[in-house]
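Comments concern the structure below.
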There are 2 protein chains.
Amino acid sequence: MSTPTPDGRAEALPSNASERRASAGPVDRWLLKRIVAALGRPPVTFALWDGSTLAPEGESVGKITFKDRATLYRVIASPEIGFGDAFSEGRVEISGDFVQVLYKGFAALDAADPNKFKRNLFGRLPRPRRNTLNGSRKHIHEHYDLGNDFYRLWLDKHMVYTCAYYETLDATLEEAQTAKMHHVCRKVMLKPGMTVVEAGCGWGSLAMHMAKHYGVKVKAFNISHEQIAYAREQACASGLEDRVEFVEDDYRNISGKFDAFVSVGMLEHVGPDNYGELGAVVARVLNKEGLGIIHSVGRNRRSPPNAWLERRIFPGSYPPSLREMMQIFEPYNFSIMDVENLRLHYARTLMAWLHRFDNKIDCLRKMYDEPFIRAWRLYLGGCAAAFLSNSTQLFQVVFSFPANNSIPLTRQHLYRQGDTLVWRF
Amino acid sequence: MSTPTPDGRAEALPSNASERRASAGPVDRWLLKRIVAALGRPPVTFALWDGSTLAPEGESVGKITFKDRATLYRVIASPEIGFGDAFSEGRVEISGDFVQVLYKGFAALDAADPNKFKRNLFGRLPRPRRNTLNGSRKHIHEHYDLGNDFYRLWLDKHMVYTCAYYETLDATLEEAQTAKMHHVCRKVMLKPGMTVVEAGCGWGSLAMHMAKHYGVKVKAFNISHEQIAYAREQACASGLEDRVEFVEDDYRNISGKFDAFVSVGMLEHVGPDNYGELGAVVARVLNKEGLGIIHSVGRNRRSPPNAWLERRIFPGSYPPSLREMMQIFEPYNFSIMDVENLRLHYARTLMAWLHRFDNKIDCLRKMYDEPFIRAWRLYLGGCAAAFLSNSTQLFQVVFSFPANNSIPLTRQHLYRQGDTLVWRF
């Protein structure tokens, strides 16, 4: 049995032996062509279980192999979920640079019609699940309560599980996560003595960073039991327990008044049905001269989320378009001051996570089975590819109340270096 | 006959003498109360023609006087147009700091229901006129072809008629306009040898600035005959005629391929009906690795524009919300990279223009009649107030094509100074 290796050259797990021997017929080849066409004909070679291949017109960056006939049919019947599950089970194999192959795949798909690969056999597009109070708790538990030990293996030492900010191209993941936290703090103009509420605080890294470096008092909310427990321990160990309060509760239950509202990487789990309620929470708890920031994965325009990702990795998640995000702000006449798109930063972050994940693959194999590990590699690599191909965005939106003229006049305070930084991937 | 003075203490023109003598009755006072309530009870004293006043509960920043009964009825019948026209004719008088009184008025209105003061006697909200090819030409002619001599009296020496960018609080209008042009050029990352198309180029200042300081070739479009004629003269006088081409034509007729798309202060005249077509033009003419910027007056949320401004000053104009602006970008899968809100910069710019206008009021009186001059003071002061009160925004939106990964990773290249700049008005 061969398994995925850290350099991204995944080999297939065994599939049905008789199927593997059976030659692919004209129907199989016709179905493969149909899949490749729906994918927008990426510069990738596609192969079937008998070794027959379908090469792209120009250069090929790698190979995707369907290891048996059933997998081919499964991908036709339910493209995104079928492909993701088959990869996890080792019935689809990707060779060549893992992220590059996925990137070129997403880019081709995005240039064609992304929805073509989303429709199932009945032409239906997937719909994410709803995030009621109970639903949210269940959905968040499924992902974030996988065990702190799991995440500790491949996240940075501060356990920051959101897009980093690379001020320089040679910054490490740790440096970029620290820079991101400063970037967020500067955007909401934190000053000593201020009070801050954080909606969706992960393992508490940003809340503690704000308290430690900006002298503010933070109340941070999260419904992941494991994360809150970890965050409280950390705050205690760092002597910050009197300045940071971690509350195991839903953002909808936030009360009080604060000088800043911060939410980094929670909106993806809120769902558009609840944007009005999120806006109401912010309008209720933010002081009139306070600034707010919402940092979220997003899209160029409304589109159904990747069904496999929503089903297997992030239940109930939905990355909104900027237009959809306006449902949070417009009812309360919030003024959008600044939107920054950090999609290439998230691509780098995910590539760094994947690299660290692969470096720890031996430890991970002792804790989790192969399909879980393959699924997580597909999630990390696939998301990196989605940000690289621009099919996914990362928006940081800074906003203020209408009567607030204490806002900064320029954004100069966010920057220290003057050079243009271009990353050619 | 007394007239408005440069310090903003406008005195009334003569109205019907018998009306001025007639005492205001209970109906008049009831109507005045109704107007003040619709305005959201600003901290301003309101007075009637017989000297009777209605003072605010707290401090008053100035006084608004209705000089006769007919004016009071006119404002009830058609609030925005009635008020603006009556002020222009000297039948409404504003004393105290002109901008401050208007600012507090807009702020109160914005905190209440802004539409209350918009509905006419029949409860109808105003609708701006449409911008067909012919309509646009007529609308633009009405404002921008008032005569270059008129604008030269009070704009900066480069004749930039859009929001300036104050990098420091002591920058002059000229310096802030130059800084704005550099800010725009940096946002689209101009480099020598690039080609740029500009949609709506005014008197050509930005087009010439780009050619002169960034070594690019510019094709600039405008349908104002007077502006294009002036711009061509200037390009010739500066020896830039081989690098800047001024075309007297509509943005809808732009053809060719360019490395950057720039539009500063045109979108207000496009109208939401045409956003899809504008997006199609950009998608057609912008190279795949090119960046675009659209700079426009906007709103926090969709709302009818000020009827007087649309009728008397900017025919066919409409400031969109960010959500409405997305109609330009979403159909072509453009990626929004950066949105900056410069509303306080436009407040400062308009206050600078009003100051210069007032300094040249003697010259202006030789060229134009009093109602015209009063209307323009109301426009400049009223718009400054609208930006101060946050009822109007200024958005600079930078966007790219999806497959473009040559975008800058950070926005550090836009900034040289690191201090936080807060303007307390």
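The values are calculated or read from the model by the stated rules, or taken from the named source; none is laboratory data. None of these values were measured; they are calculated from a predicted model. Reconstructed Cβ throughout: ideal geometry from the backbone, glycine too, with neighbour counts over all protein chains shown.
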Please find, among A:Ala211, A:Ala237, A:Ala280, the residue that is assigned by TED's automatic domain parsing to the domain that holds A:Phe329, without any contact (Cβ under 8 Å) to a residue 12 or more places away in the chain and more than 20 Å from the chain's Cα centre (by Cα).
A:Ala237
Of the conditions (1) part of a helix (DSSP H, G or I); (2) within 14 Å of another protein chain (Cβ to nearest Cβ), B:Gln177 satisfies every one except a single condition; which number is it?
(2)
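Can you go through A:Pro371, A:Pro331 and tell me which one is more than 23 Å from the chain's Cα centre (by Cα) and in the same structural domain as A:Glu175 (by TED's automatic domain parsing)? Give the derivation first.
Numbers: A:Pro371 fails: more than 23 Å from the chain's Cα centre (by Cα).
Unique residue meeting the criteria: A:Pro331.
Only residues that are β-branched (Val, Ile, Thr) and in contact with a Pro (Cβ under 9 Å, 6 or more places away or on another chain): list them for segment B:67-85, please.
Within segment B:67-85, just B:Ile81 meets the criteria.
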Look at B:Phe87 and say whether it is at pLDDT 95 or above, within 22 Å of B:Arg311 (Cβ to Cβ) and either more than 29 Å from the chain's Cα centre (by Cα) or not aliphatic (A, V, I, L, M) (or both).
yes
Since B:Pro315 meets every condition but one in (1) over 29 Å from A:Asn404 (Cβ atoms); (2) in contact with an Asp or Glu (Cβ under 7 Å, 6 or more places away or on another chain); (3) within 14 Å of chain A (Cβ to nearest Cβ), which condition does it not meet?
(3)
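For segment B:151-171, which residues satisfy the criterion of being touching a residue at least 60 places away in the same chain (Cβ under 8 Å) and away from chain A (no Cβ under 12 Å)? Steps first, answer last, please.
Going residue by residue through segment B:151-171, those that are touching a residue at least 60 places away in the same chain (Cβ under 8 Å) are B:153-155, B:159, B:161-169.
B:Leu153, B:Trp154, B:Leu155, B:Met159, B:Tyr161, B:Thr162, B:Cys163 - these are the residues of segment B:151-171 that are touching a residue at least 60 places away in the same chain (Cβ under 8 Å) and away from chain A (no Cβ under 12 Å).
Can you say whether B:Trp203 is within 25 Å of the chain's Cα centre (by Cα) and over 25 Å from B:Ala176 (Cα atoms), as far as the supplied structure shows? Lay out the reasoning, then the answer.
Values: within 25 Å of the chain's Cα centre (by Cα): yes; over 25 Å from B:Ala176 (Cα atoms): no.
So B:Trp203 does not fit the description; no.
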Qualifying positions in segment A:191-200 - buried (at least 22 other Cβ atoms within 10 Å of the Cβ) and under 14 Å from A:Leu286 (Cβ atoms)
A:Val196, A:Val197, A:Glu198, A:Ala199
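Hey, does segment B:244-262 have a residue that's among the small types (Gly, Ala, Ser), over 26 Å from the mean Cα position of the chain (by Cα) and surrounded by fewer than 15 Cβ atoms within 10 Å (Cβ to Cβ)? Steps first, please.
Taking segment B:244-262 as the starting set, the residues that turn out to be among the small types (Gly, Ala, Ser) are B:255-256, B:260.
Going one step further and asking which of them are over 26 Å from the mean Cα position of the chain (by Cα), we end up with B:255-256.
Subsequent filtering for residues that are surrounded by fewer than 15 Cβ atoms within 10 Å (Cβ to Cβ) retains B:255-256.
For segment B:244-262, residues among the small types (Gly, Ala, Ser), over 26 Å from the mean Cα position of the chain (by Cα) and surrounded by fewer than 15 Cβ atoms within 10 Å (Cβ to Cβ): present.
The rows are residues; the columns are (1) in a strand (DSSP E or B); (2) at pLDDT 95 or above; (3) touching an Asp or Glu at 6+ places or on another chain (Cβ under 9 Å); (4) of a type outside the set (Lys, Arg).
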| residue | (1), (2), (3), (4) |
| --- | --- |
| B:Cys236 | no, yes, no, yes |
| B:Asp242 | no, yes, no, yes |
| B:Phe246 | yes, yes, no, yes |
| B:Glu277 | no, yes, no, yes |
| B:Arg284 | no, yes, no, no |
| B:Ser296 | yes, yes, yes, yes |
| B:Arg311 | no, no, yes, no |
Restricting attention to segment A:223-232, does a residue exist that is in contact (Cβ under 8 Å) with a residue 60 or more places away in the chain, part of a loop (DSSP other than H, G, I, E, B) and polar (S, T, N, Q)?
yes
